[in-house]
Amino acid sequence: MQLVSFSISGFRSLAEVTAIPVRSPTVLTGRNDSGKSSVLDALGFLLTSREMADSDFPNEVSGDDSSPHPEIIVTGQFALSTADQEATDLAAVARIRRVATRGERSALYQVERDVPVDESLRNLRRKLIGELRDIADAHGISITGPRTSKESFLVPLEQFIAGQPTCLGWEGAGEDVTSRLPVYLHRAGIEGADVNDTVLGALRSAFREILTRPEFRASVVKLQAETESALQAAALGLCTAIEAGVDGISGVEVIPQVSFRDPVSSAQLFASHDGQRIPFEQSGTGRRKQVIQAVWEWERQEVTRSGDPGRSVVIAYDEPDTSLDYVRQREFMDRAQGQCTPGGNVAMVIATHSVQIIDRVPLEDVVHLERTSQETRIRRLPRDGTDDDLDTFASNLAEQLGLSTSSILFERCFLLVEGSSEKRAFPRMFHLATGVRLREAGIIIWESGNNTNALKLTRYLTGMGKPVYVIVDKDSLRDQPKLFSERELNNHGVPTNRIDYLGDPNELEELFSDEQWTELANLHWPQRDGNPWLPEQFAALRCAGKFSKKVSDLVSGGMGGSTAKPDLMARHAELATSREDIPEKLAEAFDRLLAAARQP
């Protein structure tokens, strides 16, 4: 049984967080206190015996009244193998949830399946014998066995239910379902972790896995059943005492449940050094970190290579990069991705701030958490409904265009330009014009490469609430209307006030004066005959046709070499020393770009 995704309702700041994918790995990002650790705790609640505390239930505020949220629900969507389906009588894809109710001691597992429309007929095997008697009497169902036996009621009631109308709903999940849930391994940051607690957690995971092995499972189930029966018999006196001590009641039952899943109570690690037996808690910080990493790896190997080969594992890392340098962060990610081999049974969720980790996974595997007011919401790449694989497509396109995963998530603004000319020249020109560097302003520049698919990435960015600003040649309106027309850009989330078409009349290169071109040409492309370039030579090029190509052809011919178009703007950027050297219209566009990046 493999966990595909999970949703959280009513847990701490996670009022309603849906469809968090569980990949190989999934990376959770977000600011401090955005809810990353809460997501991992909720995942642990779904997959382990962890119980909720009162502090895990948030308060819902409505008007002037404040009332506690009554339930915490964590729901998982699971993919089931053929063996899982046969053992649980569930479909290939199933939803299983765990529900904690405020004031109740234990949370309940439930599975979504076809259930009787009549809610009183659900979860019969979880009901007390008195409730079964009432249900049988209400429906006029006769029994043949003793009225003191639950089976006397369960058999005819289940036969009755088989003919009743059903609907899709939730009912209690038995051990046939819960015993096949993925193993959950939680790893907190290494910094400050306790060696003995880490060893204890690893041994408990190994113990739970041992109990699932065929050679132990049958004996354990038998022993648990015998123990429960003996305990129930021992409790008969308790039931009699309750009946005698409480007025107006009878038929008191105690139905104990026994589990041998977590009896490993403590563990302590020792090692020998110079002939002395020393607790590892007395070791230095560096050695303790090494021990913890070694324990984690052993635990993962032990759980994945032993026991039921069809049972999957979910590993959760909470800020694993804390106290690790960049090299160690990369090494950690190499190991983590190695554990999640394609087609294997290990999935992983990593909560982190580390750019080294974030940039190692594609965009579709990143979940960004944002806390607004008192609630946390998740942000993933939106789909526009035109392609089942748009997430992957956008991720690949972003990589091709040189946009890292972390920049997509965390930078404030994106500047779309036409090609490499602007991408090379604009960073220095922007700095000279505004006094601020692009990176300092949180602005990422990327070029379309004349690829209309870049509009899809633009829609992804604007759909994530990221402002996109466009600065292109005026003639792009004529030459590339499917990419740079105002209508197309508007349709992909770019408002008109964030689009600048510049040229005099066609191209950005035309914004530089004849004197600037003359100075630049004499410095970088001197004529081989020794004559200087003159302003009138460039003025003569300002007529119909592509000005930048004419300049490139002119200086290439004069110097007896070749000059590419991207070099023209780049050389102007190198020559400029102040805002006065930047064409006024371009400098004003940079001012508007900076203002867009600074908007909250």
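Among the protein heavy atoms of the range 512-586, carbon and sulfur supply 54% of the accessible surface, probe 1.4 Å, non-protein parts ignored.
Close amide-amide hydrogen proximity is noted between ASP359 and SER406, each under 5 Å apart and 5 or more residues distant or on a separate chain (H modeled in the peptide plane; Pro and chain starts excluded).
Order 127-139, 512-524 from most to least packed using the mean count of other Cβ atoms within 10 Å. Before the final figure, lay out the partial values.
Values: 127-139: 15.6, 512-524: 17.4.
Most protected by this proxy first, the peptides run 512-524, 127-139.
Taking label positions 7 Å along the Cα-Cβ direction at both THR101 and ASN451, the computed distance is 5.5 nm, reported to one decimal. Placing a pseudo-label 7 Å from each Cα along the Cα-to-Cβ vector at GLN337 and ALA234 gives an inter-label distance of 5.5 nm. Rolling a 1.4 Å probe over the heavy atoms of the protein chains gives the range 461-600 an accessible area of 48 Å² per residue.
Our coupling estimate for the range 204-211, obtained by passing each phi through the Karplus curve with A = 6.51, B = -1.76, C = 1.60 and θ = phi - 60°, is 5, 4, 5, 4, 4, 5, 4, 5 Hz, Gly and Pro reported as x. All Cα-Cα separations within the range 402-540 were binned at 10 Å from zero, giving a P(r) of 11, 36, 30, 15, 7, 1, each value a whole percent of the pairs. Counted residue by residue at 0.36 nm each, then reduced by the alpha carbon distance between them, the extension gain from LEU534 to VAL258 reaches 89.8 nm. As a fraction of the 1.4 Å probe accessible area of the range 1-125, surface on carbon and sulfur atoms comes out at 42 percent. Rolling a 1.4 Å probe across the protein heavy atoms gives the range 38-191 an accessible surface of 52 Å² per residue.
Summarising the amide proton neighbourhood of ALA316: residues at separation of 5 or more, or on other chains, whose placed amide H is nearer than 5 Å comprise LEU185, HIS186, ARG187, VAL349.
Sequence-ordered 3J(HN,Hα) estimates for the range 357-368 from the Karplus curve with 6.51, -1.76 and 1.60 and θ = phi - 60° stand at 7, 4, 6, 8, 10, x, 4, 5, 9, 10, 10, 9 Hz, glycine and proline given as x. For the set LYS456/LYS565; LYS550/LYS585; LYS127/LYS150; LYS474/LYS549; LYS456/LYS585; LYS549/LYS585, the pairs lying more than 20 angstrom apart at their alpha carbons are LYS456/LYS565; LYS550/LYS585; LYS456/LYS585; LYS549/LYS585. Computed on protein heavy atoms with a 1.4 Å probe, the accessible areas place PHE45, PHE160 in the order PHE160, PHE45, largest first.
Surface composition of the range 400-488: carbon plus sulfur atoms contribute 43% of the solvent-accessible area (1.4 Å probe, protein chains only, all chains present). For the range 196-248, the spherically averaged projection of the C-alpha convex hull amounts to 6.3 nm². Between the alpha-carbon centres of the range 89-159 and the range 403-442 there is a gap of 62 Å. Surface listing: LEU432, LEU108 arranged by accessible area from highest to lowest gives LEU108, LEU432, probe 1.4 Å. A crude spin-label estimate for the pair ASP247 and ARG371, with each label 7 Å from Cα along the Cβ direction, gives 5.2 nm. Semi-axis lengths, largest first, of the ellipsoid equivalent to the range 462-509 are 21, 11, 7 Å, with √(5λ) applied to each eigenvalue of the Cα gyration tensor. Binning the alpha carbon pair distances of the range 7-46 at 5 angstrom intervals from zero yields the distribution 6, 22, 34, 28, 9, 1, expressed in whole percent. About its Cα centre, the dipole of the range 56-186 is roughly 360 debye, where the only charges are +1 on Lys and Arg Cβ and -1 on Asp and Glu Cβ.
Any chance you could tell me what percent of the C-alpha pair distances in the range 64-129 go past 19 Å?
Values: 1120 of 2145 pairs.
Beyond 19 Å sits 52 percent of the P(r) for the range 64-129.
The values are calculated or read from the model by the stated rules, or taken from the named source; none is laboratory data. Everything numeric here is computed off the predicted structure, so don't read it as measured data. Positions of Cβ are generated from backbone atoms using ideal geometry, with glycine treated the same way; all protein chains shown enter the neighbour counts. Ligands, DNA and RNA are excluded from the accessible area calculation, which covers all protein heavy atoms including side chains. Shrake-Rupley method; radii C 1.70, N 1.55, O 1.52, S 1.80 Å.
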